[in-house]
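Q: Got a structure for you, written out below as structure tokens; questions coming shortly.
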Amino acid sequence: MAAKNVKIFLDSNVILSGLLSDKSYPRIILDLLSLEVPLLKGLTGKYNLEEIERNLKSRFPKILPIYQHYFEKIKLEIIPLPSARSVSSMAKKMSPKDTPVLVSAKNGKANYLITGDKKGFPKEMAKPILIVSPAEFIEEVLPTLIYQKN
């Protein structure tokens, strides 16, 4: 029997990459979530959504309607903005722009944080969350989850 309720937190760059490329690991992840595969529960943060929308409006305004339409199909749980206190306590130890992402992933009790920029997330601060790239998730993690015994 396969593992259940594995929570994957998607960083902004994964969502954007998945929207912009129809032949990529981020797109595969988005497609799996849109199919509502019982094994996976997708998460992202309100902070991430604000970053995505800001980037789309400034760099790819024509894609914004596509994002809004497609985003509804992905069925991500949106984690509220983390408290200033929780962010400030961690921001001294890692990049200030990545801190709200990690705090949101922790608040959502994610098992994995999937990002295209792993170096921004120190492993020791992320525990028990595992930081993986989209390729690592699809090629290494997902197969083990599918065949994992309870």
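Laboratory data are not the source of any read-out in this text; all were calculated from the coordinates shown. From a predicted model like this one, the values you see are computed outputs, not experimental measurements. FYI the Cβ positions are ideal-geometry reconstructions off the backbone, even for glycines, and counts take in every protein chain you see.
Q: For Leu130, put the label point 7 Å out on the Cα→Cβ axis and report which residues of region 84-111 keep their amide N under 18 Å from it.
A: Of the residues in region 84-111, 105-106, 109-111 have backbone N under 18 Å from the label point off Leu130.
Q: What percent do you get for the relative contact order of the chain when only Cα pairs under 8 Å and 6+ apart count?
A: Relative contact order, the chain: 33 percent.
Q: Take the chain, connect every pair of alpha-carbon atoms lying under 10 Å apart with a spring to form a Gaussian network, then pick out the residue of Pro82, Pro128, Pro26 with the largest mean-square fluctuation.
A: The residue with the greatest mean-square fluctuation here is Pro128.
Q: Can I ask one more? Give me the one-decimal nm value for the distance between modelled label points at Lys93 and Gln148, 7 Å along each residue's Cα-to-Cβ direction.
A: With each label placed 7 Å out from Cα toward Cβ, I get 2.4 nm.
Q: A further question follows. Got a sec to turn the phi values of region 30-47 into Karplus ³J(HN,Hα) couplings, 6.51 cos²θ - 1.76 cosθ + 1.60 with θ = phi - 60°, whole Hz, x for Gly and Pro?
A: 4, 5, 4, 5, 5, 7, 6, 4, x, 5, 10, 10, x, 9, 8, x, 4, 4
Q: Something else: Magnitude of the Cβ-charge dipole of the chain, K/R +1 and D/E -1, about the Cα centre, nearest 20 debye?
A: That gives a dipole near 420 debye.
Q: Of the candidates Ile79, Ile66, Ile114, which one comes out as most mobile in a Gaussian network treatment of the chain with C-alpha springs shorter than 10 Å?
A: Highest fluctuation of the listed residues: Ile66.
Q: Right, another one. For a quick check of your reading of the filter: which trypsin sites (Lys or Arg not before Pro) in region 24-100 sit in a DSSP loop and have no more than 13 other Cβ atoms within 10 Å?
A: Values: sites: Arg27, Lys41, Lys46, Arg54, Lys57, Arg59, Lys62, Lys73, Lys75, Arg85, Lys92, Lys93, Lys97; in loops: Lys75, Lys92, Lys93, Lys97.
In loop regions of region 24-100 (DSSP not H, G, I, E or B), the sparsely surrounded trypsin sites (Lys or Arg not before Pro) are Lys75, Lys92, Lys93, Lys97.
Q: Follow-up. Going by how many other Cβ atoms sit within 10 Å of their own, how do Tyr147, Tyr70 line up, fewest first?
A: Starting with the residue having the fewest Cβ neighbours, the order is Tyr147, Tyr70.
Q: To one decimal place, what Kirkwood hydrodynamic radius in Å is obtained for region 97-150 from all pairs of distinct Cα atoms?
A: 11.8
Q: In addition: For a footprinting-style exposure proxy, rank Ser89, Ser104 by other Cβ within 10 Å, fewest first.
A: On the way: Ser89 12, Ser104 26.
Least to most surrounded, the residues fall as Ser89, Ser104.
Q: Quick one: order Ile52, Ile15 by neighbouring beta-carbon count within 10 Å, fewest to most.
A: Ile52, Ile15
Q: Same structure again: In square nanometres, what is one fourth of the surface area of the convex hull spanned by the alpha carbons of the chain?
A: Across all orientations, the chain yields a mean hull projection of 8.8 nm².
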